[in-house]
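Some notes on the structure that comes next.
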Amino acid sequence: MSIGQAIHDFRKDKRITQHELAQQLPLDRTLLSKVESGSRELPVSLEPVLSGLSWKIALKIADERTGGYISNILDDVPNLDLHPAALKDVLLKDLDDLEKALEGLVMAKHIDPEKRRASAERVWQELRDVIEKTVVLQGVLEEEFGIDRKRLIQKHEMEVKRGER
């Protein structure tokens, strides 16, 4: 699926016209039509705006801009169900793998530096897996429950500044 197709699907899911979406962006409706049909590229300046509207669009943009990196991650999890409950199970498995890797790193305290380094690299990889799945889950929650990402980021930052997190 292309970015244009992801935008088209988003519009259909939200039951809005090209004209209505173009006004939100702001973007000329004819350019939006060309992006959806694949005859024009999405202007890079609009990527953050569109990503904020839909995690699916954000995922597609990230996938195209990274040469398929995201789809390769998702290919590692065949038949991935993007429902929050299913993502929870995937994330919990990754967290369990991370915990085991961290335990290995702690236990590697008294072994040779090369094995300790290899253990640290495994922890790094497991952290990366957790982060990637968490970002997908955040997007799913934002879309499914209409969560305002910017508002929650600001709230979180304020809680951190006040020492509440």
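Residue by residue, here is whether (1) in a helix (DSSP H, G or I); (2) modelled with pLDDT of 85 or more; (3) over 20 Å from Ile147 (Cα atoms); (4) not aromatic (Phe, Trp, Tyr) holds:
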position	(1), (2), (3), (4)
Ser51	yes, no, no, yes
Asn72	yes, no, yes, yes
Asn79	no, no, yes, yes
Leu92	yes, yes, yes, yes
Lys100	yes, yes, yes, yes
Leu105	yes, yes, yes, yes
Lys109	yes, no, yes, yes
Glu121	yes, yes, yes, yes
Leu127	yes, yes, yes, yes
Inset, instruction - Tally the residues that are in a helix (DSSP H, G or I) and either closer than 20 Å to Lys60 by Cβ or in contact with a strand residue (DSSP E or B) (Cβ under 6 Å, 6 or more places away or on another chain) (or both), restricting the search to segment 2-35. - result: 21
Inset, instruction - Keeping to segment 12-25, report how many residues are of a type in the set (Lys, Arg) and modelled with pLDDT of 90 or more. - result: 2
Legend entry - Hits in segment 129-165 (condition: in a helix (DSSP H, G or I), among the β-branched types (Val, Ile, Thr) and in contact with a helix residue (DSSP H, G or I) (Cβ under 9 Å, 6 or more places away or on another chain)): Val130, Thr134, Val135, Val136, Val140
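Okay, residues lined up against (1) in contact with an Asp or Glu (Cβ under 9 Å, 6 or more places away or on another chain); (2) open to solvent by 80 Å² or more (accessible area, probe 1.4 Å):
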residue	(1), (2)
Gln5	yes, no
Lys12	no, yes
His19	no, yes
Ala22	yes, no
Leu31	no, no
Ser37	no, yes
Pro43	no, no
Lys56	yes, yes
Arg65	yes, yes
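The values are calculated or read from the model by the stated rules, or taken from the named source; none is laboratory data. Being a predicted model, the structure only gives us computed values, none of them experimental. Don't worry about glycine lacking a Cβ; one is built from the backbone with ideal geometry, like all the others, and counts go over all protein chains shown. What goes into the accessible areas is simple: the full protein's heavy atoms, side chains included, and nothing from ligands, DNA or RNA. Shrake-Rupley method; radii C 1.70, N 1.55, O 1.52, S 1.80 Å.
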